[in-house]
Amino acid sequence: MNKRWIASSLSIVLAGLMTSAVSAQEQPTIEDDGYRHVMLTGGGLTLCTSMASDSCNETDWIDSQTMRTNRYIDLSEKSIKTAVSDEYWTGFREDARKKVDEALKLIYDRMNEEIITERVFMREFTRRATLKTYNSLSEAEWNKLVDLLEMPVPAELDERVNLTESQQKPAVDIYRQFVEMAKTTRFDDSKKPVVFFTTSSSRDPYNEVDYYMDLFSQLGAEPHWFPVDAALIKAQQEGRCEELAAVQEEVLGAYARDRVYRDRYQQQVEFCKAPKEALKMVRQANAIFINDGDANLTRSTFINEDNQPSDLLRDIVSFVQSKRLVVGGSGAGAVALTSKPMISNGTTESAIKDGAFASEPPPFGCDLDATCPTNTHPDSLTFHPLGGLGLFHFGILDSEFSDNGRYGRLIRLAGDSGTPLSLGIDKNTAMKVNLEKGLFDIIGERGVFFVENAQSVPSAVASTFHYLVAGASGMMNPYGLQTAEFSDQSGIVKENPTTNFLTDRGLVDSIRVLCGEERNEVTLLNKDYRLIARINDASRTAEAGGECQVINGKIGIAYQPEEKL
């Protein structure tokens, strides 16, 4: 396709886009009592913990004798024999199984130690002698291998959180504000807010339990693990609670969790045998928080196979509507809350070039072990057309947005599905939303990208966009942003700028020039892709901490490969 034709077509489409009615000057005319039903975070909420010392300012508080500090790998002969047994590897992957066996024995001979940390195991497996074997494994195969080699976690050692030493202060503030939201649903202000958290987005349902217990306890809440996930629901439905470990292999791709987390596993088995306990927990809660990971797993937890909400989800929605419960989600946990098409996978490159697929998400590296759903590959943009849990009815949601260059995939899905409004939330950033009135506040470190009136054709997409950063607020409905108040905060930008808009912050970094008086358009080229961002007389801009906030901008992205003779 002719590159000049695509570039001119982008300009025509941009010029023809409808202009939103939003004004940065207007204030919400509806009364705002400050109540917010949900918190949507963009993920990346990394805190200082005994397991994540790289995220700490100081580490002298970490005590390996009383805290969990690492995941340990067992390279004994017995452990290796189990990990590479035929039970866990298909005949199709026999060559891969043999190479893994050789690699594990080589690493053991090189280290001359049976027990090593996961970090050391990763370092050794990715050295030159075994790197080719590592690269030949799919993500599912690697996770399975590590699961099967993992040592049991001592019951007396918990992962501990240190809020004071955490480098990411915006993440601490986001969690703190969620606990404050939980307080607004209490009947007795003298009691701590009760926060139930679910690890339903995780492949490993137990790994983050101690983390959230300690986190919410330190923030003044009464925390409880809400042990529902897709594997547990299936085990309940099939009467297989005593076989939960086998169901976890089938549904989550998690292995030997009963051996590694004996107490947590048994706790979940007992919960599985008492199906009414979940509803009791919801009635006790002031807040429910859904962790990051895989939105599809959380959807499968709360949505039945006939795509109808479970009784548990119906109760949650009812309590949220009656202001008896607030809900928060991090990353994929937030993405899963939408009632609109739910994103489950994909890159901007694939989205612009190949379009969107209503399909199960392809596992990373699925091309290596032939597990990709039909017509997809590891980078395919996939979505669930019937949406997620249905709490957030305003638009499509995406997370870790700017840092991963997800502009194109969000606009593509919005255009292909005909969804009027879509939102992409940056890392370490959150939106607090009133679901009745559409009022919102943006908090954290960065911003939220709003997509309206998206249009899509083969190899190109375009839309109206708005970009607001932490400190901004406004009102929206399912058709777009209605009003907005710009942020005047400082200290938003913390990294060097880039022009890479396919996998990084290239767009929001580059539109900073639009806040000056000399430029009204930015054009970026990345590989075989072109991006144009433009403002006009209907646009409004304002700086905040070095970022340029934009109302009523226009954006177009096109795939334009070099012509081959």
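Observations, loosely collected:
- Spherically averaged projected area in nm², based on the convex hull that wraps the Cα atoms of segment 419-565: 9.7 nm²
- Rounded to the nearest 20, the size of the Cβ-charge dipole of segment 72-149 about its Cα centre is 340 debye, with Lys and Arg at +1 and Asp and Glu at -1.
- Residues of segment 72-149: accessible area per residue with a 1.4 Å probe, Å²: 57 Å²
- Here the 3J(HN,Hα) profile of segment 537-545, calculated from phi with Karplus coefficients 6.51, -1.76 and 1.60 at θ = phi - 60°, is 5, 8, 8, 10, 9, 7, 7, 7, x Hz, Gly and Pro shown as x.
- Protection proxy ranking, highest mean first, for peptides 66-73, 234-241, 456-463: 456-463, 66-73, 234-241, where packing is the per-residue count of other beta-carbon atoms within 10 Å, averaged.
- Cross-linked pairs LYS527/LYS554; LYS191/LYS280; LYS192/LYS340; LYS169/LYS192; LYS183/LYS234: Cα-Cα separations exceed 29 Å for LYS192/LYS340; LYS183/LYS234.
- The mean sequence separation of alpha-carbon pairs under 8 Å and at least six residues apart, normalised by the residue count of the chain, gives a relative contact order of 17 percent.
- Accessible surface of segment 332-474 [probe 1.4 Å, protein heavy atoms]: carbon and sulfur percent: 48 percent
- Förster radius 30 Å - calculated FRET efficiency between ARG119 and GLU360 (Cβ-Cβ, nearest 0.05): 0.40
- Segment 443-565, relative contact order [Cα under 8 Å, separation at least 6], %: 26 percent
- Rounded to the nearest Hz, the phi-derived 3J(HN,Hα) couplings of segment 163-174 under the Karplus curve 6.51 cos²θ - 1.76 cosθ + 1.60 (θ = phi - 60°) are 5, 5, 8, 5, 5, 8, 5, x, 5, 4, 5, 4, where x marks glycine and proline.
- Note: relative contact order over segment 154-289, using C-alpha pairs below 8 Å and six or more positions apart, is 28 percent.
- For the chain, the convex hull spanned by the alpha carbon atoms encloses 165 Å³ per residue.
- Restricting attention to the chain, close to 75% of DSSP beta bridges with both partner residues there are antiparallel.
- Per-q log10 I(q)/I(0), segment 72-149, q = 0.14, 0.15, 0.19, 0.25 Å⁻¹ (Debye; single scatterer per alpha-carbon; no solvent): -0.38, -0.44, -0.73, -1.37
- Signed unit charges on C-beta, dipole axis of segment 191-331, positive-most listed residue GLY328, ASN207, ALA245: GLY328
- Integer Hz, Karplus 6.51/-1.76/1.60 couplings in order for segment 205-210, x for Gly and Pro: x, 10, 4, 9, 4, 4
- Counting lysine pairs in segment 72-149 that sit 8 or more residues apart in sequence, or on different chains, and whose Cα atoms lie under 14 Å apart gives 7.
- Quarter of the Cα convex hull surface for segment 306-410, i.e. its orientation-mean projected area (nm²): 7.6 nm²
The values are calculated or read from the model by the stated rules, or taken from the named source; none is laboratory data. None of the values given here were measured: they were computed from a predicted structure. Every residue, glycine among them, receives a Cβ derived from its backbone with ideal geometry; neighbour counts consider all protein chains shown. Calculation scope for accessible area: heavy atoms of the full protein, side chains included, ligands and nucleic acids excluded. Shrake-Rupley method; radii C 1.70, N 1.55, O 1.52, S 1.80 Å.
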